[in-house]
Amino acid sequence: MTTIMPKDDDNNPIPALRLKDGASHKILATNTSTKNAVPFSLETKVISVFTTQNIYLEFGDDTVSASVTSHFFPAGVYYDFAINTNKHAKDLYMAVLKEGASDATVYISEKE
């Protein structure tokens, strides 16, 4: 099968996605749950996340909120999350809450 994906040393395709133009997000995680102001595109299936401090995060619709019982995400890790896998507005937002004393800057990139 022909592919335009990059290949490893054994000539196996490496699944890689392109950063979507105009689809970067930055959220400040504080003591209050905050979410991305602009929803992710319905066509976006993968987002990459990096945070400067430990946070809690939660995916959902425009009412989503993060709490200390949400998913923990550590600082300094660049990670891809699958979203919108069912073609509906289920995961168009990511809410964040800081874990610890310092506020966190959360960087999100939509991929295609």
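Taken together, the values in this text are just the output of simple stated rules run on the coordinates, not laboratory data. Only a predicted model underlies this, so the values are computations on that prediction, with no experimental measurement involved. All Cβ positions, even for glycine, are placed from backbone atoms using ideal geometry, and neighbour counts span all protein chains on display.
Below are the figures for this structure:
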quantity	calculated
By average C-beta atoms within 10 angstrom, highest first, the peptides 49-61, 11-23	49-61, 11-23
Amide H partners (placed H, <5 Å) of A75, local residues excluded	N54, I55
Estimated FRET transfer efficiency (F72, S48; beta-carbon r; R0 22 Å; 0.05)	0.80
Count, lysine Cα pairs under 17 Å in the chain, 8 or more residues apart or across chains	11
Simple label model, 7 Å out from Cα along Cβ direction - L17 to T105, nm	2.4 nm
Highest-first arrangement of 26-34, 93-101, where packing means the average Cβ count within 10 Å	93-101, 26-34
Size of electric dipole in the chain: Cβ of Lys, Arg +1 and of Asp, Glu -1, about Cα centre, debye, nearest 20	180 debye
Cut-off under 5 Å, modelled amide H: who pairs with D61 long-range	none
Residue-by-residue Karplus 3J(HN,Hα) for region 26-31, coefficients 6.51, -1.76, 1.60, Hz, glycine and proline x	9, 10, 8, 8, 10, 6
Selection from S48, L17, T85, by position along the positive dipole direction of region 15-101 (Cβ)	L17
